[in-house]
Ligand SMILES: Nc1ncnc2c1ncn2[C@@H]1O[C@H](COP(=O)(O)OP(=O)(O)OP(=O)(O)O)[C@@H](O)[C@H]1O
Ligand SMILES: [Mg+2]
């Protein structure tokens, strides 16, 4: 589950890459606006960049949207925390014990590879049409991704580093703190990263399909009532949140694993 | 560990195998090590008997895979011997105990996420020495191997030889009774090896510790050793133990003496058959 290669392009290269990205976005917006203006597509179904922009601006004064945003962010965080803590604990225990790993990893990997949305109806049955459904479903999804990445991270601990700790008289706790934990940091970060992205997507999914409030439910309301501009504007809001989270994340990770920079 | 006071007493007599203290401090009694592998048990070391006096320097040579590292790990308590036992001052060595025996590993094993300074201070940290004190001690030790400028660098930023020097002082930081050196200069070319050897000479030989050095260099083995243990392979065993009687510490001139040249020639003949694949140091 390697997410990206640790390598930093020189800054002129990076600027150029960013520029190319912008060109594509701008071009897409122009094609979209042109297609609507020339009557190739129906603005009722696809809206137009101008309308979406106006809808976005309107959100800042829209109490319904703002409270939905708060609900969604809060639900995501709660699901993320519960799922991550559970995944961390179980993942560390499985990672450190061969026997437990052999026993429990196969079912976990099996569940990981099945689409989690399949289980959403079961959660609705148990928790009803409430926010708890979203939280439980989100935490459930997050758990698997965190757990598997933590196990993978602990596997990265090298035998000769453990031997070193033993030779120099490390206690169990010291071995964990100075060897196992730092060695599994990359896996730890991958785990948190996957946990966060899946918390976001599973909560939105739950809100989209179960009318429990939040941005997901709002998108579904706007789409069914053909308020396409607002539905699209909400999608933009969500994307911006996701991108901001990702940026924050990579900065933190880079700082905390700076020793890897020169390897 | 109460051995500290005793080890100071030995410091006055680096060549303690001749001392009135007489008997061995470190006794390797019929030590054998089997590994269990997928194909069954594999005997890495068949049987080794060796008595080592306090302050003695023992070199171990032998072909690759003959069980040198395995034996060394057994001596330090890292691998429990399948047969026999290792005793230090009458006490059986069961678990690793860095105050008693500290390792310099063949692959140096510096932790990549710690700075050179913190790597050197690692054993002290495990022992619970305060941050200020262990860093001060580590800094002093780094100075002795001219690495003080790299105290805050990460191992990835050091050359192989620099990492080895750091690993040597990390072991010295424990002030152990026994230093177990597994090819500490292995990654170096002949010139830096000699250079480093001369530097280390003072550090290593004036301390009165037992030193056990695994090396592939016959020069190194003879130059340093009070005795040279020649091991043979499949399964690992001791072929011969050779005394080098010249007093230590030895000056570089020792390499020109008859004793050195004769000993080296003898070892070369002994190892000619099984050092296949191991390049001899250039003459
Ligand atoms: N953990 C292990 N499990 C199984 N076999 C092992 C293990 N460690 C070492 N061996 C085997 O034991 C033998 C001795 O290994 P050892 O590392 O002690 O050799 P060595 O003399 O130090 O070699 P070198 O000079 O190349 O370092 C080798 O044949 C090796 O394959
Ligand atoms: Mg070896």
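Every read-out reported here was derived from the displayed coordinates using simple, explicitly stated rules and does not represent laboratory data. All values derive from a computational prediction rather than experimental measurement. Because the Cβ atoms are built from the backbone with ideal geometry, glycine has one as well, and the counts that use them run over all protein chains shown.
Counting Cβ atoms of other protein chains within 10 Å of each Cβ in A:169-175 and taking the mean gives 4.
Net length available on complete extension from residue A:77 to residue A:258 is 62.5 nm, with 0.36 nm assigned per residue and the Cα-Cα distance removed.
Here the contact order of segment A:47-262, divided by its residue count and restricted to Cα pairs under 8 Å and six or more residues apart, works out to 28 percent. For chain A, find the longest principal axis of its Cα atoms and tell me its angle to the long axis of helix A:49-59, 0 to 90°, nearest 10. Roughly 70 degrees, rounded to the nearest 10. If you wrap the tightest convex hull around every Cα atom of segment A:47-262 and split its volume per residue, you get 146 Å³.
At an R0 of 45 angstrom, the distance between the Cβ atoms of residue A:28 and residue A:181 translates into a FRET efficiency of 0.55.
Could you please rank A:177, B:170, placing first whichever residue has the fewest other Cβ atoms within 10 Å of its Cβ?
A:177, B:170
Residue order for A:253, A:155, B:87, fewest other beta carbons within 10 angstrom first, comes to A:155, B:87, A:253.
Look at the stretch B:118-125: the mean tally of other chain Cβ atoms within 10 Å of its residues' Cβ atoms is 3.
For helix A:11-37, what angle does its Cα long axis make with the longest principal axis of chain A, in degrees from 0 to 90 and rounded to 10? Value to nearest ten degrees: 30. Cβ-to-Cβ counts within 10 Å put B:68, A:101 in ascending order as A:101, B:68, the fewest first. Using R0 = 51 Å, the C-beta based FRET efficiency linking residue A:119 and residue B:239 works out to 0.15.
Computed FRET efficiency, Cβ-Cβ of residue B:64 and residue A:220, R0 60 Å: what is it to the nearest 0.05?
With a Förster radius of 60 Å, E is 0.30.
The three principal axes of the Cα atoms in the protein assembly as shown give end-to-end lengths of 102, 52, 47 Å, sorted in falling order.
Inter-label distance, residue B:252 to residue A:67: 8.6 nm, where each label sits 7 Å from its Cα along the C-beta direction. In degrees, nearest 10, range 0 to 90: what is the angle between the Cα axis of helix A:131-155 and the longest Cα principal axis of chain A? Tilt relative to chain A: about 40 degrees.
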